[in-house]
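Here is the structure we will look at.
Just so you know, all these numbers are worked out from the coordinates, no wet-lab data involved. All of these numbers come straight from a predicted model, not from anything done at the bench. All Cβ positions, even for glycine, are placed from backbone atoms using ideal geometry, and neighbour counts span all protein chains on display.
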Amino acid sequence: MPPVGIIMGSQSDWPTMREAARVLDELGVGHEARIVSAHRTPDRLWSYGREAKGRGIRVVIAGAGGAAHLPGMMASKTPLPVIGVPIETKALGGVDSLYSIVQMPRGFPVATMAIGAAGAVNAALMAAAILALSDEALAERLVAWREALSASVPEVPHD
Ligand code: RP5
């Protein structure tokens, strides 16, 4: 069973959330992706949250847009760490998603990332960092990934 579960509220979230999948692939971290909507498929959300830990999932990345209740509801159903990705929206630019995810009541945290693709990439890196606490080989791959990113940044801007 892969250690990371990537869930999202809709197929329309996948172009953003596949950025998380891509980075996890780069780091050699197993993952699964599922559409689990808090509003449209609440029973699926309930089963996923109830079963994730027992199936071997160790971190959940949850992306949703608009009235983005998926990450918070997932955090209420599983003791696993939940990382929330606010999806950019046409109507409100993703601030709606951000506010829906970030303002959890005390006791049930969601680690909330930036809006959009940057948030999805960072969610993958955060999940990898959590797993790397007990996986030295992954910790080394994560350091190498970060070093490669640093090395790719030019010192002098060009036209
Ligand atoms: C949310 O509603 C989803 O996470 C998605 O970001 C948003 C819009 O969904 P679609 O109408 O594109 O399916 O539940």
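List of remarks:
- Extending 7 Å from the Cα toward the beta-carbon at both Arg50 and Asp135 defines two label points whose distance is 2.8 nm.
- Net charge, Gly116 excluded, C-beta distance under 10 Å - Lys, Arg +1, Asp, Glu -1: -2
- Gyration tensor (alpha-carbon) shape descriptor, the chain, a/c threshold 1.5: oblate
- Restricting attention to the stretch 4-151, close to 0% of DSSP beta bridges with both partner residues there are antiparallel.
- Extension reserve of the Asp25-Val153 stretch, reckoned as 0.36 nm per residue once the Cα distance is removed: 43.9 nm
- Helix 136-151 vs. the chain, principal-axis angle (Cα, 0 to 90°, nearest 10): 60 degrees
- Check: the chain dipole with +1 on Lys, Arg Cβ and -1 on Asp, Glu Cβ, in debye: 800 debye
- Across the chain, the relative contact order, built from alpha-carbon pairs under 8 Å that are at least six residues apart, equals 22 percent.
- Gyration tensor (alpha-carbon) shape descriptor, the stretch 1-64, a/c threshold 1.5: oblate
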